[in-house]
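The values are calculated or read from the model by the stated rules, or taken from the named source; none is laboratory data. If you're wondering where the values come from, they're calculated on a predicted model, not measured in any experiment. Note: areas computed on protein heavy atoms with side chains; ligands, DNA, RNA excluded. Shrake-Rupley method; radii C 1.70, N 1.55, O 1.52, S 1.80 Å.
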Amino acid sequence: MGSSSSTPSNVPPQPLAPLPENVGCIASLCFPYEVTLVLKEQVGWSGDSFSILDINKTPCFTMKGRAMSFTQKKVLHDMQGQAILNFRHELAMFEKKYSIYAGSDQTKKMASIKAHSFMGISASIEFTNINGQPRLFTLDGNFFASRADIVDPLTGMIV
């Protein structure tokens, strides 16, 4: 993320420029600098479970999904086991849509994600910013290059 697709994979991407303001849903997870996270999938009967590590391979978050679950609920936990957010696949006729809620229940909706392409490579992410204002990010990716950019349309910057 943040680098050109013609950049060789062994060359680290260029640092992202800082956004003009903190943007996010959870104030304690908004930083004035770039944070690189790596997704580590778990293989086996874990359903959709995975871990999120920093670039030093230190675990930051775990996502616990359930294999063969009818609710399609996934819960993101910090390393102390505290539920940070959960998201559910909403049943919509012709679109993929996910709703994201604070904590482990469905009382406070934080964001929604709608996929726009057949391969799920393009999406819009609507959320309420920490300052209370509604925001929109777009995700555009290249499935075959295994990369995607999340862009803030207000600034045109990759986030």
Inset, instruction - Report the accessible area of PHE61, computed with a 1.4 Å probe over the heavy atoms of all protein chains in place, in Å² rounded to the nearest 10. - result: 30 Å²
Inset, instruction - Note down the accessible area of MET157, probe 1.4 Å, to the nearest 10 Å². - result: 50 Å²
Legend entry - Sequence of THR155, THR62 when ordered by accessible area, the most exposed leading, probe 1.4 angstrom: THR155, THR62
Legend entry - Of all accessible heavy-atom area on segment 95-159, the percent that carbon and sulfur account for (1.4 Å): 57 percent
